[in-house]
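The values are calculated or read from the model by the stated rules, or taken from the named source; none is laboratory data. Just so we're clear, the structure is a prediction, and the values are computed from it rather than from any experiment. Using ideal geometry, Cβ is built from the backbone for each residue, glycine included, and neighbour counts are taken over all protein chains shown.
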Amino acid sequence: MLKRTMKRTFLGAFFKKRLGLCLSVFLFTPVFADTIDLAPNHPERYVVVKGDTLWDISAKFLTDPWRWPDVWEFNPQIENPHLIYPGDVIVLTYEDGKPVLKVLKGGESGETKTIKLSPKVRTKKVGKAIPTIPINAIRAFLSKPRIISQREVENSPYIVSTQGNHLVAGAGDQIYARGIPRGKNIRYSIYRTGRVYRNPDARYDDILGHEALYVGVAQVRQFGDPATLTIIDSVREGLIGDKLFPEQDSDINQFFIPHSPDTPVEGNIIEVIDGLARAGQFQTVVINLGEFDGMERGHVLQVLHSGKVIRDVVSADPRDTVQLPESKSGVIMVFRTFDRVSYALVMSAARDLSIRDTVKNP
């Protein structure tokens, strides 16, 4: 597979190669897919409405909605590519015998302006333009929850005591922490380690990471060993032993470009968020592939369910068994990565996805 070079920023787009379909959201140097299958009964025009996502719109035109970035067309003539907003009308038309999708700005009635969309770098905030995927389904996972490594568990600053030697501390309370470097940061997020994520069927105790439960935010009042901090906001009570990490920017990019990993990858679903055994569409799962495995935001993976091992009742050997083939269960998209694990959103599911289901290149 040819290596892709992408500079991503949200513009809003997709394009069909054989039907010349194009909407764009990012700057992209494309690798054109050999075949793009069109969805049955795809429309010739579509009016964007509030609540739409680029994935939804792509699904109206393409059998595999995530494939639209593979067939973008780069047009350097466009200086200010436009974002896609509710009320815009997407129209299938032709230029020089080549069908393309254009956007009629202003809607079907009133003044319209035809804009041909092409990938382009854009740094302006997106505002109310339609997102790539349902952001509400993952908003809670974009900033505060995190997965920390064993090294971070062992080496991060931690609460050693509270003012008055109380067992718990909340907003407004003073705490004391060890391991705070002098003068580097003054605001720290407080986390408590939760469940441990391990590789399934590992021959040794292979810890992939630890769930980190968000406790609150504390601000340094005085550096030292221990340092003195005040909890300025909390969602649960702080405890001795809770870990402290420099506060992160919560304004995480909420827009994604779906694409397949450049190299073959294979892993498993190791957790369904909220303690469930199975996951359906728009639920979040944890997979045992992370940044060390080349995972990045927007990677699309297919989910395969292992076939059952059955006894061959026809065989003369009563001990003869055969494993049925894997079956495709759904499609997930990675939206947040850590060292050795990632959060992924279930975009489609032919059946419930389960822990230990295989994930690999689509």
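Considering only residues in the range 297-318 that are of a type in the set (D, E, K, R) and out of contact with any Ser or Thr (no Cβ under 6 Å at 6 or more places or on another chain), the one that is farthest from PRO264 (Cα to Cα) turns out to be ASP317. Among the residues of this structure, LEU276 does not count as one that is surrounded by 13 or more Cβ atoms within 10 Å (Cβ to Cβ) and at pLDDT 95 or above.
For the subset of the range 202-242 comprising residues that are under 27 Å from LEU289 (Cβ atoms) and free of Cβ contacts under 8 Å to residues at least 24 places away in the same chain, which member is nearest to the chain's Cα centre (by Cα)?
Among them, the one singled out is ASP206.
Scanning the range 203-229 for residues that are surrounded by 15 or more Cβ atoms within 10 Å (Cβ to Cβ) and among the basic types (Lys, Arg) yields nothing. It is to be established whether one or more residues within the range 306-325 are within 23 Å of SER348 (Cα to Cα), surrounded by 21 or more Cβ atoms within 10 Å (Cβ to Cβ) and not hydrophobic (A, V, I, L, M, F, W, C). No, the range 306-325 contains no residue that is within 23 Å of SER348 (Cα to Cα), surrounded by 21 or more Cβ atoms within 10 Å (Cβ to Cβ) and not hydrophobic (A, V, I, L, M, F, W, C).
Residues that are β-branched (Val, Ile, Thr) and not in a helix (DSSP H, G or I) were ranked within the range 145-168; the one that is surrounded by the fewest Cβ atoms within 10 Å (Cβ to Cβ) is VAL168. Which one of PHE255, PHE245, PHE292 is in contact (Cβ under 8 Å) with a residue 12 or more places away in the chain, out of contact with any strand residue (DSSP E or B) (no Cβ under 7 Å at 6 or more places or on another chain) and surrounded by 16 or more Cβ atoms within 10 Å (Cβ to Cβ)? After ruling out the rest, the residue left standing is PHE255.
Would you pick out the residues in the range 44-54 that are surrounded by 13 or more Cβ atoms within 10 Å (Cβ to Cβ) and not charged (D, E, K, R)?
Of all residues in the range 44-54, those surrounded by 13 or more Cβ atoms within 10 Å (Cβ to Cβ) come to 45-48, 52-54.
Result: TYR46, VAL47, VAL48, THR53, LEU54.
So that you can scan it fast, the table gives a plain yes or no per residue for (1) in contact with a helix residue (DSSP H, G or I) (Cβ under 8 Å, 6 or more places away or on another chain); (2) more than 20 Å from ASP339 (Cβ to Cβ); (3) not β-branched (Val, Ile, Thr):
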{"position": "VAL168", "(1), (2), (3)": "no, yes, no"}
{"position": "ILE175", "(1), (2), (3)": "yes, yes, no"}
{"position": "PRO200", "(1), (2), (3)": "no, no, yes"}
{"position": "LEU229", "(1), (2), (3)": "no, yes, yes"}
{"position": "SER234", "(1), (2), (3)": "no, yes, yes"}
{"position": "GLY238", "(1), (2), (3)": "no, yes, yes"}
{"position": "GLN248", "(1), (2), (3)": "no, no, yes"}
{"position": "PRO264", "(1), (2), (3)": "no, yes, yes"}
{"position": "ILE270", "(1), (2), (3)": "no, no, no"}
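Considering the range 279-289, the residues that are under 15 Å from SER348 (Cβ atoms) and of a type in the set (Val, Ile, Thr) include one that is surrounded by the most Cβ atoms within 10 Å (Cβ to Cβ), namely VAL285.
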